[in-house]
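See structure below.
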């Protein structure tokens, strides 16, 4: 659904499942993460912004954990 809404502005995506914290028996700080990659913040804002309500409303269909959104710059 998200890929269909955001279209070609998404340059890539990953989904990650947390396995453990930093120590062998440590709990994971995040159970799952989804990453979307855009060329610019403006590309993100232009595509995600108009669809944010629909995307965020779909998240409870997959989890009851509160979502956190972070914008980062990929350095490597």
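The values are calculated or read from the model by the stated rules, or taken from the named source; none is laboratory data. Since the model is a prediction, treat every value here as computed from it, not as a measurement. A quick note on method: Cβ atoms are made from the backbone with ideal geometry, for glycine too, and the neighbour counts reach across all protein chains shown.
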Item checked: Long-range neighbours under 6 Å by Cβ, at least six apart or interchain, first residue at negative phi and at pLDDT 95 or above within segment 57-76, second assigned to a helix (DSSP H, G or I) and exposed (fewer than 10 other Cβ atoms within 10 Å of the Cβ) -> none
Notebook entry, point to check: Can you name the condition, by its number, that residue 3 falls short on among (1) touching a helix residue (DSSP H, G or I) at 6+ places or on another chain (Cβ under 9 Å); (2) part of a helix (DSSP H, G or I)?
Noted result: (1)
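One line per residue, one yes/no per condition, for (1) surrounded by fewer than 10 Cβ atoms within 10 Å (Cβ to Cβ); (2) not in a strand (DSSP E or B):
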residue: 16; (1), (2): no, no
residue: 22; (1), (2): yes, yes
residue: 50; (1), (2): no, yes
residue: 54; (1), (2): no, yes
residue: 58; (1), (2): no, yes
residue: 63; (1), (2): no, yes
residue: 73; (1), (2): yes, yes
Check: Counting just the residues of segment 38-48 that are free of Cβ contacts under 8 Å to residues at least 40 places away in the same chain, touching a helix residue (DSSP H, G or I) at 6+ places or on another chain (Cβ under 9 Å) and not in a loop (DSSP other than H, G, I, E, B), which one comes out surrounded by the fewest Cβ atoms within 10 Å (Cβ to Cβ)?
Finding: 46
